[in-house]
Structure formats: C-alpha cells, structure tokens
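The values are calculated or read from the model by the stated rules, or taken from the named source; none is laboratory data. If you're wondering where the values come from, they're calculated on a predicted model, not measured in any experiment. Here the Cβ positions follow ideal geometry from the backbone for every residue, glycine too, while neighbour counts run over all protein chains shown.
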Amino acid sequence: MSELEARYLALLRLLLAAGGKSLDLSAVMDSVCLAVGVDGCALVRAPYESEPDAVAGHAEARQLLKDQAQPLWQTLVRDHELECAFMQMKVQGEPYSLFAYPLRTGEQVTGCVLGLVRGRRNLAAEEDFLLALVTAIGAATGGQPAPDSAALREAVEQARRSAILETAIAVNHEVNNPLTAVLGNTQLLLLQAEHLDEKTKKRLRDIEKSALRIKEITQRLLKNRSIPTTEYPGGLRMLDLSGAADEEET
C-alpha cells in the first residue's frame, strides 16, 4: 500500500467513527462508483456476520460483493499484517477483480472497504476509488451535500494535479544540483573539444543532450499542466512525459 493510500484509509476510518452511522452510505458510495468507474463497492464493520453495512453499484456487482465479502473479511482478520486482500474471478467468462482494504483501530481490524472492478487488477483505479470515497464521506460528515459523480471526478483530478506538483517540487529540489554539475562539467569539456577524439566528443554531446532532456522534463512537471497518463504493467498508471517540449503560452 502506498503512503497516499494509507493516509486515505486512516482518514476514512476516522470519518466513519465520527459520523458514518448517520449517513446514507450506500447513496454516497453509488456516486463514488459512477465517478471512478468502479462496478460496485461495500463497507463492512466488525463484527461482520452476514451483510455489509453498505453496498453500492449495479445489481450484479452488489450480489457479488455480498457473496465474496465474507472470505475476504476472514482473510484480513486472520492475518493482521495484510495491507489488502485481493481476489480474481470470472463471471460468465468475464474477468473481475475484487479488492479489500482493512480499517484498523490500533492493531485490530475493525472493518474493511471493498471494491469490484471489471477486468484485471488496476491499482490506479483502486487509489482513485479510495480518494473519491474519502472525499465523499468527508463532505457528508461535514454537513455538506454529498458530492455528485462529476464533483468527485474533479476532486480526484485535483488531488492528482496536487500530487504531481508536490513530486515536481521535490524532483527539482533533489535533481537540479547534481544535474547542474553534470551539465556544467560536460559543457566545459566540450569547450575544450579540440583536444578530444571524435568518439569522446560524441559521448559528451550525448551526455549533454540527456541532461538537457532531464532538465526539460523536470521543468514541465513544475508547470503542473495537464499531463496525460499511460497504462503501466501491473495495473499502474504513469505520467506520459515522452511528448515534445511544451509550447510557449500565448
């Protein structure tokens, strides 16, 4: 589990403890499903015996969650060290992935949140789901109307943009000093290129080109523009930084 996911889950647990019982959680979670493209989701709280506290999504997804919540819950309770439980299944020949993240009080598992997604496991979708769920419950427990799916999509996008900016600032801070040294020394050597053979000069030009490319990428990140994402093996999403340099703003 990433640090970001852990933060969301800790906040979710606090929100549920503070005011979750007074909410129409199923309605809130329906908006979450629509916002992030999750087929269904459910909330289980201990002691869990038969039915989830809240369940959302389309009818088939709700039934699958009710059928499969118990084994995932038991897995999490048996092994308190698990950061999540995951199940891959086929329904009428179509693959589904079911994930469950525990809600803990101290070392004790006191509940879990489950999600169901059509297809193979997608960690990016799980993170979006957790963020949207916390956003929705946070608004509802704060006395505000539960956000609709469009507002939740925007919240997820805003959080992603903020995360990109935080990463860009850190990258620029940690990378710029050594990068400046690499680039400066390379360019200094190129100024004395008449004393170097052609193979060495080509290698130095390659180093300079690569260093300038790194500088360009870090600057583009810092501008916090809308950068497209691409699918990465394992159900992860990564920023697509392979495009041409940014056009100057007019």
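Summary of computed values
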| read-out | value |
| --- | --- |
| Test for Y96: is it assigned to a loop (DSSP other than H, G, I, E, B) and either farther than 16 Å from S26 by Cα or of a type in the set (S, T, N, Q) (or both) | no |
| From E94, E107, E166, E174, residue being in the same structural domain as L9 (by TED's automatic domain parsing), farther than 26 Å from K66 by Cβ and surrounded by fewer than 14 Cβ atoms within 10 Å (Cβ to Cβ) | E107 |
| D53 being farther than 15 Å from R13 by Cα and not small (G, A, S) | no |
| Lone unmet requirement of (1) more than 30 Å from I164 (Cβ to Cβ); (2) of a type outside the set (A, V, I, L, M, F, W, C); (3) modelled with pLDDT of 90 or more for H195 | (3) |
| Selected residue (criterion: modelled with the highest pLDDT) from residues of the range 1-60 that are aliphatic (A, V, I, L, M) and over 25 Å from A124 (Cβ atoms) | A59 |
| Residue identified as within 16 Å of A10 (Cβ to Cβ) and free of Cβ contacts under 8 Å to residues at least 60 places away in the same chain among E127, E107 | E107 |
| Of all residues making up the range 104-132, the number that are more than 17 Å from C33 (Cα to Cα) and out of contact with any strand residue (DSSP E or B) (no Cβ under 8 Å at 6 or more places or on another chain) | 4 |
| R160 being of a type in the set (D, E, K, R) and under 30 Å from T218 (Cβ atoms) | yes |
| Identity of the residue in the range 32-53, under 12 Å from A136 (Cβ atoms) and in contact with a Gly (Cβ under 6 Å, 6 or more places away or on another chain), that ends up surrounded by the most Cβ atoms within 10 Å (Cβ to Cβ) | C41 |
| Residue within the range 222-240 that is assigned to a helix (DSSP H, G or I) and either exposed (fewer than 14 other Cβ atoms within 10 Å of the Cβ) or at pLDDT 70 or above (or both) present | yes |
